[in-house]
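Chemist: Supplied in structure tokens, the structure appears directly below.
Just so you know, all these numbers are worked out from the coordinates, no wet-lab data involved. This one's a predicted model, so the numbers in the text were calculated from it and none came from an experiment. Cβ atoms come from the backbone with ideal geometry, glycine included; neighbour counts cover every protein chain shown.
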Amino acid sequence: MSRDDATVLDMLRAVHLVTEFTQDKDFAALERDAQLQSAVPFQLLVLGEAVKRLSDSFRNRYSEIRGSGSRVWGIESSTGTMS
């Protein structure tokens, strides 16, 4: 498995966990739950750090992924841009 493949798996896992953690939760639930307040930003940090590990050739091939370091600038979806 290439480094980029492993990195994409890390990114998918982080997104999956955030989705799982926040399923059926609203903002009020987040405000009341210290564990959730810690877990969600941590996984977003994991996602941002993974973006930093992607090779330049991968980023050039998939230009819809933008970001650097622990800051993910946005991922363009087929229905629009999230940023």
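Chemist: To the nearest 20 debye, what is the magnitude of the charge dipole of the stretch 3-68 about its Cα centre, counting +1 on the Cβ of each Lys and Arg and -1 on the Cβ of each Asp and Glu?
Modeler: Details: 9 positive and 11 negative charges, 60 e Å.
My answer is approximately 280 debye.
Chemist: In addition: Pulled fully out, how much extra length does the chain show between D56 and T19, if you take 0.36 nm times their separation in residues and subtract their Cα-Cα distance?
Modeler: Working: separation 37, 0.36 × 37 = 13.32 nm, distance 2.79 nm.
My answer for the length gained is 10.5 nm.
Chemist: Now for a different question. Among F42, N60, V15, whose Cα projects farthest towards the positive end of the dipole of the stretch 3-68, with charges put on the beta-carbon of Lys, Arg (+1) and Asp, Glu (-1)?
Modeler: Value computed over the given set: N60.
Chemist: Given contacts defined as C-alpha pairs under 8 Å and at least six residues apart, what's the relative contact order of the stretch 3-68, whole-number percent?
Modeler: Numbers: 44 pairs, mean separation 29.1, N = 66.
Result for the stretch 3-68 is 44 percent.
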